[in-house]
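Take a look at the structure below.
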Amino acid sequence: MDFRFDIIVEYAPFLLKGTLYTIGLSFVGILFGMILGLLIGLGKMMRNKWLSWPFKLYITVFRGTPLLVQVLIIHFGVVPMFMGDTNAVLATAVALSLNSGAYIAEIFRAGIQSIEKGQMEAARSLGMTHIQAMKHVILPQATKRIIPPLGNEFIVLIKESSIACIIAAPELMYWGRAMGSQYFKVWEPYLTAAVIYLIITVSLSYVLNRIERRLETR
């Protein structure tokens, strides 16, 4: 096997650019996913079945369909509907945000429901409204419990962002495929991309483990 390091060096600037796009798109996805996830998770827990039904439907749809299909629909359908033309980076960011929002909603729901009901009752007995009790009592306690699964979702999102190469978003896998197509090589582009993904996820796992340990000591 003739492994060519020279083409890896040639594509290094593009791979670096793609890596930054991958991290940026994943960060946007997890950030907006957390906002959506909190709202949807709280909506799903509403006692009124008719009010909670749309939130349950959202979770079911986005968790029950492939991310690739969601990316294609948003890229070729949703974004052009609002902008007149499509944009691969925007479509990817929207798809990752909406998809992660469904999974994070379940993370928030599980974390909130893991807090003893007596905590809410005690807060209400002190004169707090339901929203105040949720903000000052329940959510701070639930946050410590949802950090590990949120971290796992971020790692999953980084790997799933590689799907964006299908719509030519200039992330890491896009440039890996470009390298492979130009030189008709397999090992060099895909092993390089795999190593970069591995470095990102291992580094993130290390940081998340440190954060989790610090939270446990508090």
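Throughout, read-outs are computed from the coordinates displayed, never taken from laboratory work. The structure presented is a predicted model; accordingly, all values stated were derived computationally and were not measured. Backbone-built Cβ (ideal geometry, glycine too); neighbour counts: all protein chains shown.
Which of the residues spanning segment 25-65 are more than 29 Å from P140 (Cβ to Cβ) and within 14 Å of the chain's Cα centre (by Cα)?
Of everything in segment 25-65, just one residue is more than 29 Å from P140 (Cβ to Cβ) and within 14 Å of the chain's Cα centre (by Cα), namely L25.
Which one of the conditions (1) closer than 21 Å to P170 by Cβ; (2) over 22 Å from the mean Cα position of the chain (by Cα); (3) of a type in the set (G, A, S) does G84 fail to meet, given that it meets all the rest?
(1)
For segment 152-205, what are the residues that are within 18 Å of the chain's Cα centre (by Cα), farther than 24 Å from Q70 by Cα and not hydrophobic (A, V, I, L, M, F, W, C)?
The answer is S203, S205.
Filtering segment 164-204 down to residues that are outside any helix (DSSP H, G or I) and charged (D, E, K, R), which residue is farthest from F3 (Cα to Cα)?
If we filter segment 164-204 for residues that are outside any helix (DSSP H, G or I), which is where we start, we get 168-171, 184-186.
When the remaining residues are screened for being charged (D, E, K, R), the result is 171, 185.
Numbers: E171: 24, K185: 9 Å.
Restricting to residues being outside any helix (DSSP H, G or I) and charged (D, E, K, R), the top hit is E171.
Can you confirm whether W175 is of a type in the set (F, W, Y), buried (at least 21 other Cβ atoms within 10 Å of the Cβ) and touching a residue at least 12 places away in the same chain (Cβ under 8 Å)?
On the way: of a type in the set (F, W, Y): yes; buried (at least 21 other Cβ atoms within 10 Å of the Cβ): yes; touching a residue at least 12 places away in the same chain (Cβ under 8 Å): yes.
Considered against the rule, which asks whether it is of a type in the set (F, W, Y), buried (at least 21 other Cβ atoms within 10 Å of the Cβ) and touching a residue at least 12 places away in the same chain (Cβ under 8 Å), W175 comes out as yes.
Take the conditions part of a helix (DSSP H, G or I), in contact with a Phe, Trp or Tyr (Cβ under 7 Å, 6 or more places away or on another chain) and either closer than 17 Å to G41 by Cβ or touching a residue at least 24 places away in the same chain (Cβ under 8 Å) (or both) and apply them to E212. Does it pass?
Numbers: part of a helix (DSSP H, G or I): yes; in contact with a Phe, Trp or Tyr (Cβ under 7 Å, 6 or more places away or on another chain): no; either closer than 17 Å to G41 by Cβ or touching a residue at least 24 places away in the same chain (Cβ under 8 Å) (or both): yes.
Judged against the criteria, E212 is not a match.
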